[in-house]
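The values are calculated or read from the model by the stated rules, or taken from the named source; none is laboratory data. These numbers were taken from a predicted model, which means no experiment stands behind them. A quick note on method: Cβ atoms are made from the backbone with ideal geometry, for glycine too, and the neighbour counts reach across all protein chains shown. Protein only, heavy atoms only, side chains kept; ligands, DNA and RNA dropped before computing areas. Shrake-Rupley method; radii C 1.70, N 1.55, O 1.52, S 1.80 Å.
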Amino acid sequence: MAKNRGAIIAVILVAAAGFGLAAAKFGGSDDRVLRVANQKGQVKSMMIASGVLNDAPYTVEWSEFPAAQPLLEALGGGAADLGLAADAPFIFAYQSGSPIKAIGVQAPAAQAAEALAILVKDGSPARSIQNLIGKSIATTRGSIGHHLLLQALERAHIPADRVRVTFLSPGDAKAAFDSGAIDAWSTWTPYTNVAIKEGARVVVDAKDYGLPNYIDIAYADSIGSKRALLADFLRREARAVDWARAHPDEFAQVLAKETGLPLDIARASFDRNNRVSQPIDGKIIAHEQDITHRFQKAGLIDGKRVVADAFDPDFGKGG
């Protein structure tokens, strides 16, 4: 699994014990499995390193994805019960009709540099978004990289059609970037970490725009049938987030092992992606409304679904 950077990695089971008395709370045997979609090792690595699942009275089945888009497709199709993705791809999928709901939020602990950025090769003459007019920029459709590009163009008063956007998966985008087939790449950690280490340079940094929130997203039908499991997992995930902040080196070691990333890249990924759990509130919903409007203005979604209906705030009250 560690070396696989392609599409879905084979499902890995994390053993969990203690069904006994907990069976009454968590339902029958069909409800003792929680299928969690994982993006680039992050959540799984935290849960393993912190040990918070060791006494869970249910089994977690992990599936691995290289980016939010295929993760959200799995969630929307009912192939997973829960997954973590950034705010822009979440709302993009929701506004595209996906049967998903936000049940938790993790906010950036700090506005870290180079966590999400538009990159160029070191030899490029580009120094700002204005220098990319007429140039080709790769990103993943509906991703935080895509949203950052729209934000940068909007702030510079540049119409979105003044740049040539090429939608690629992170792996394909890196290959195109390395070969010079594209002029710039709008991407996120750990891809930014790897590219910068190999000589890429930042021309737009998301720390100047506000880093994205990350959303715990549930398949809508799973909320009814597995609500207790979902709520329990979120409580354990919050403990894992706190543990990772207190033990970044230990977390980085597990992340490196799980993903095959070099240890220094794994450590940088934590530093640039350090988050804290936060309740769902009006500020979060307003932020998602802003993202909806930006995608809508670019003609990418119709934005007709009510943003507030994308959230189930009851999980933040204890599930």
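The table for this structure:
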{"item": "Selection within the range 265-295 - free of Cβ contacts under 8 Å to residues at least 40 places away in the same chain, of a type outside the set (K, R) and in a helix (DSSP H, G or I)", "result": "F270, G282, I285, A286, Q289, D290, H293"}
{"item": "Residue list for the range 125-134, restricted to those being in a loop (DSSP other than H, G, I, E, B) and over 21 Å from R294 (Cβ atoms)", "result": "P125, A126, R127, G134"}
{"item": "Filtered residues of the range 151-181 (kept if assigned to a helix (DSSP H, G or I) and not charged (D, E, K, R))", "result": "Q151, A152, L153, A160, P170, G171, A173, A175, A176, F177, S179"}
{"item": "Leading residue by the ranking (least open to solvent (accessible area, probe 1.4 Å)) among those in the range 243-252 that are farther than 14 Å from Q42 by Cβ and not small (G, A, S)", "result": "H247"}
{"item": "Whichever residue in the range 198-236 is among the acidic types (D, E) and surrounded by fewer than 23 Cβ atoms within 10 Å (Cβ to Cβ) and, among such residues, is nearest to Q106 (Cα to Cα)", "result": "D232"}
{"item": "Residues of the range 74-86 that turn out to be more than 12 Å from G142 (Cα to Cα) and either at pLDDT below 95 or not in a loop (DSSP other than H, G, I, E, B) (or both), as a count", "result": "6"}
{"item": "Any pair with Cβ under 8 angstrom, 6 or more apart, that starts in the range 63-80 at a residue that is hydroxyl-bearing (S, T, Y) and ends at one that is modelled with pLDDT of 95 or more and in a helix (DSSP H, G or I)", "result": "S63/A74"}
{"item": "Filter result for A240 (within 29 Å of P57 (Cα to Cα) and not polar (S, T, N, Q))", "result": "yes"}
{"item": "Verdict on A126 being touching a Lys or Arg at 6+ places or on another chain (Cβ under 6 Å) and either in contact (Cβ under 8 Å) with a residue 40 or more places away in the chain or within 26 Å of W185 (Cβ to Cβ) (or both)", "result": "no"}
{"item": "Among the candidates F251, F270, residue that is under 17 Å from the mean Cα position of the chain (by Cα), of a type in the set (F, W, Y) and within 22 Å of E114 (Cα to Cα)", "result": "F270"}
{"item": "Residue in the range 158-186 that is least open to solvent (accessible area, probe 1.4 Å), counting only those that are of a type in the set (D, E, K, R) and closer than 18 Å to P70 by Cβ", "result": "K174"}
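Residues checked against (1) buried (at least 20 other Cβ atoms within 10 Å of the Cβ); (2) within 20 Å of P279 (Cα to Cα); (3) of a type in the set (G, A, S):
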site: P57; (1), (2), (3): no, no, no
site: E64; (1), (2), (3): yes, no, no
site: L71; (1), (2), (3): yes, no, no
site: G76; (1), (2), (3): no, no, yes
site: I91; (1), (2), (3): yes, yes, no
site: G97; (1), (2), (3): no, no, yes
site: V105; (1), (2), (3): yes, yes, no
